[in-house]
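*Asks:* Supplied in structure tokens, the structure appears directly below.
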Amino acid sequence: MLKNRIIPCLDVKNGRVVKGINFVDLQDAGDPVEQAKIYSDGGADEICFLDITASNENRDTIYNVVEKTSKKCFVPLTVGGGVRSVEDINKLLNCGADKVSINTAAVQNPEVVVESSKKFGSQCIVVAIDAKKNGDKWEIFTHGGRNNTGTDAIEFAKKMENSGAGELLVTSMDRDGTQVGYDIDLMSKISSIVNIPVIASGGVGNLDHLVDGIKLGNASAVLAASIFHYGKHSVKEAKEYLDSKGIPVRI
Amino acid sequence: MNVTIVDYNSGNISSVINSFKEVAKDKVNIEVTSDLSKIKSSDKVVLPGQGSFKSCVDALNKINGLVDTLSEFAINNKKPLLGICVGLQMFADVGFEEIETKGLGWISGKVSKIDNQNGKYKLPHIGWNEINITKDSKIFKDIENKSHMYFVHSYEFIPEDKNVVSATTDYSSNIVCSVEKENIFGTQFHPEKSDKIGLKIIDNFINL
């Protein structure tokens, strides 16, 4: 039976982890490579890096991080943030990323998704959808949630599936950072309309939220950042909890 | 000992390279090449594959003499070869991804899309699934039955002779996820991304 995945996400800025795990035995708490290794040793099903480097001069730092991590972690590695072109995707894959997540570029120029999935295969193309509720629908935001495009998130999800995306990483901008749980309506609507796996993101504050994302939101995988970072929960604890709730996980 | 990972522009093979180098340490030399003479002289060959069946077959055929060299290595000289993901699928006679495409024909059978039972099963089949070991395979030495491996694919290999099947996984039906035919090995899952247990499979192959 296919297991639901737990994916810890690390925000990386200028090659350093911004919000990190508070582990005393860490030699360098800001080192993304070390943190990714802790997660993979702890049973993470995948690792996700979100590059939030603002300036273009420091963009190359992420390549270095990916290259080093891929030599130490032997679980899938997804990298997103600032991915603009087929060439960016190529570079990340060559550095050892297994999947690349595309956000703003997928909205501005869906051809990037079409082209890259043809070139590298759908299996490595994740489209990240940042959506915010507006009335009775959800709209797509880009540029790290700063720009409202007015595009309907549900329609966009279907379009991305047809364009060749292998997975959708769906983040609720309303919930992100709030720790009140995923936007279950959004997750289940998108999950029911597409036939590709959906990764739920944004809003996890406790382990029950992970359960809800899978049971109610029908997500194939759950992504979380802060609950893992400050040692609140380990990946192992999260998996044992999901298991106790009858959710199939890899233990 | 030399193990060659065939680099034929089949997409992203960094993870395969990293994992083999991790396992090999300094004991075994890992070459990454499409150089025919190097392939011929190596002890073992790894055939990775990402993207579609057609794009991988096309990429193999694009390198003059590569298919013949691989056939000579695996079929005539019976030296160990491991196909991973589409690398395994290409052992088949024919694949149906994009358009009907001829495979290597090393293990009779076809590659078809996984039946998603009208949307009940999402495709690609992405994530960790248990393998049911159906026969003793040399690459499964010290691997427990029901171990988890990482999968990402939408097509499955259906061999004619079920005796070649060494493991299956349950997704919509019992999908063939590992084969062994004499010196030819293949995994549908990605040992290079399957954590320590996956590295053990790579270790088993290297130490055949």
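*Asks:* Please report, in whole Å³, the volume per residue of the convex hull around the C-alpha atoms of the stretch A:70-221.
*Replies:* 109
*Asks:* Using only protein heavy atoms and a 1.4 Å probe, how much accessible area in total is buried between B and A, to the nearest 100 Å²?
*Replies:* 2600
*Asks:* Please turn the phi angles of the stretch B:99-111 into ³J(HN,Hα) values with the Karplus equation 6.51 cos²θ - 1.76 cosθ + 1.60 (θ = phi - 60°), one per residue in order, whole Hz, x for glycine and proline.
*Replies:* Rounded to whole hertz, the list is 8, 4, 9, 6, x, 6, x, 7, 10, 4, x, 10, 10.
*Asks:* Taking the Cβ of residue B:128 as the center, what net charge do the other residues with Cβ under 10 Å away carry, scoring Lys and Arg +1 and Asp and Glu -1?
*Replies:* Net local charge, residue B:128 excluded: 0.
*Asks:* Considering every residue in B:154-161, what mean count of other chain Cβ atoms within 10 Å of its Cβ is obtained?
*Replies:* Partner Cβ neighbours, averaged per residue: 1.
*Asks:* Report the paramagnetic label zone for residue A:155: residues of the stretch A:123-149 whose backbone N is under 16 Å from a point 7 Å from Cα along the Cα-to-Cβ axis.
*Replies:* Residues A:132, A:134-141, A:149 fall inside that zone.
*Asks:* When Lys and Arg each count +1 and Asp and Glu each count -1, what net charge do the other residues less than 11 Å away from residue B:63, Cβ to Cβ, add up to?
*Replies:* The answer is -3.
*Asks:* Shifting gears a bit: Can you pull the Rg over Rh of the stretch A:1-112, Cα-only, Kirkwood?
*Replies:* With Rh from the inverse mean 1/r over Cα pairs, Rg/Rh is 0.97.
*Asks:* Please list the radius of gyration and Dmax for the stretch B:26-163, considering alpha-carbon atoms only, with Å as the unit.
*Replies:* 16.1, 50
*Asks:* Next question, about the same structure. If we sort B:107-113, B:118-124 on the protection proxy, mean other Cβ atoms within 10 Å, highest first, what's the order?
*Replies:* B:107-113, B:118-124
*Asks:* I would also like to ask the following. Name the long-range amide H neighbours of residue B:158: under 5 Å, sequence gap of 5 or more, or other chain; modelled H, no Pro or chain starts.
*Replies:* B:110, B:111, B:112
*Asks:* In Å², what does the accessible area per residue of chain B work out to with a 1.4 Å probe?
*Replies:* Ligands and nucleic acids excluded, the result is 39 Å² per residue.
*Asks:* Name the residues of the stretch B:16-34 whose accessible area, probed at 1.4 Å, falls by at least 20 Å² once all protein chains are in place instead of their chain on its own?
*Replies:* So the qualifying set is B:18, B:22.
*Asks:* Under 18 Å Cα-Cα from residue B:25, which aspartates and glutamates qualify once same-chain neighbours fewer than 8 residues away are excluded?
*Replies:* A:67, B:43, B:192, B:195, B:203
*Asks:* Take the Cβ-Cβ distance between residue A:216 and residue A:59 as r, set R0 to 41 Å, and report the resulting FRET efficiency rounded to the nearest 0.05.
*Replies:* 0.60
*Asks:* Using a 1.4 Å probe on protein heavy atoms, which residues of the stretch B:129-152 have at least 10 Å² less accessible area in the complex than alone?
*Replies:* B:129, B:130, B:148, B:150, B:152
*Asks:* Would you mind computing the Rg to Rh ratio of the protein assembly as shown from its alpha-carbon coordinates, Kirkwood style for Rh?
*Replies:* 0.96
*Asks:* Students often check this: by mean Cβ neighbours within 10 Å, which of B:57-67, A:7-17, A:177-187, B:11-21 ranks highest, and how do the rest follow?
*Replies:* B:11-21, A:7-17, A:177-187, B:57-67
*Asks:* Here's another thing I want to ask about it. Which entries in the list A:72/A:133; A:133/B:113; A:71/A:118; A:72/B:120; B:54/B:79; A:158/B:181 go over 31 Å, if you measure between the two C-alpha atoms of each?
*Replies:* A:72/A:133; A:133/B:113; A:72/B:120; A:158/B:181
*Asks:* Additional query: Over the protein assembly as shown, with every protein chain in place, what whole percent of the accessible area is carbon and sulfur at 1.4 Å, could you tell me?
*Replies:* With neighbouring chains kept in place, the figure for the protein assembly as shown is 45 percent.
*Asks:* Rounded to whole Hz and in sequence order, give me ³J(HN,Hα) for the stretch B:194-199 from the Karplus expression 6.51 cos²θ - 1.76 cosθ + 1.60, θ = phi - 60°, writing x for Gly and Pro.
*Replies:* The phi angles translate into 9, 6, 4, 5, x, 5 Hz.
*Asks:* Something else: What residues have an amide H closer than 5 Å to that of residue A:182, excluding those fewer than 5 places away on the same chain, when H is modeled at 1.01 Å from N in the peptide plane?
*Replies:* The list, which skips near neighbours in sequence, is empty: none.
*Asks:* So what's the projected area for the stretch B:121-208, the Cα convex hull averaged over all directions, in nm²?
*Replies:* So the Cα hull casts an average projection of 5.3 nm².
*Asks:* Find the relative contact order for chain B and round it to a whole percent, using C-alpha pairs within less than 8 Å whose residues are 6+ positions apart.
*Replies:* Reported relative contact order: 20 percent.
*Asks:* Now for a different question. Rolling a 1.4 angstrom probe over the protein heavy atoms, how many square angstrom per residue are accessible across chain A?
*Replies:* That works out to 39 Å² per residue.
*Asks:* Here's another thing I want to ask about it. Report, by chain and number, residues whose modeled amide H sits under 5 Å from the one on residue A:129, excluding near sequence neighbours (fewer than 5 apart, same chain).
*Replies:* Amide H to amide H, under 5 Å and 5 or more residues apart or across chains, residue A:129 pairs with A:169, A:170, A:171.
*Asks:* Regarding the stretch B:5-79, what is the average projected area of its C-alpha convex hull, in nm²?
*Replies:* For the stretch B:5-79, averaging the hull's shadow over all directions gives 4.9 nm².
*Asks:* Something else now. Within a 10 angstrom radius of each residue's Cβ in B:116-127, how many Cβ atoms of other chains show up on average? Whole number is fine.
*Replies:* 5
*Asks:* Moving on. Would any residue of the stretch B:67-90 have its amide N under 20 Å from a label point 7 Å out along Cα→Cβ of residue B:102? List them or say none.
*Replies:* The answer is B:67-76, B:87-90, whose backbone nitrogens lie closer than 20 Å to the label point.
*Asks:* Please compute the average number of Cβ atoms from other chains found within 10 Å of each residue's Cβ in peptide A:116-124.
*Replies:* Mean shielding by partner chains, rounded to a whole number: 6.
*Asks:* How large is the helix-only mean residue ellipticity at 222 nm for the protein assembly as shown, computed as the sum of -39500 (n - 2.57) over DSSP H runs with n ≥ 4, divided by its residue count, in deg cm²/dmol to the nearest 500?
*Replies:* -8500 deg cm²/dmol
*Asks:* Diagonalise the Cα gyration tensor of the stretch A:143-251 and give the resulting equivalent ellipsoid semi-axes, square root of 5 times each eigenvalue, largest first, whole Å.
*Replies:* 24, 17, 11
*Asks:* Rounded to whole Å, give me the distance from the Cα center of the stretch A:162-237 to that of the stretch A:28-52.
*Replies:* When both Cα centres are located, 18 Å separates them.
*Asks:* Find the centroid of the Cα atoms in the stretch A:90-152 and in the stretch B:124-195, then give the distance between the two in whole Å.
*Replies:* 31
*Asks:* Please compute the net charge surrounding residue A:247, taking Lys and Arg as +1 and Asp and Glu as -1 over other residues with Cβ under 10 Å from its Cβ.
*Replies:* +3
The values are calculated or read from the model by the stated rules, or taken from the named source; none is laboratory data. Remember, it's a predicted structure, so these values are computed and weren't measured experimentally. FYI the Cβ positions are ideal-geometry reconstructions off the backbone, even for glycines, and counts take in every protein chain you see. Note: areas computed on protein heavy atoms with side chains; ligands, DNA, RNA excluded. Shrake-Rupley method; radii C 1.70, N 1.55, O 1.52, S 1.80 Å.
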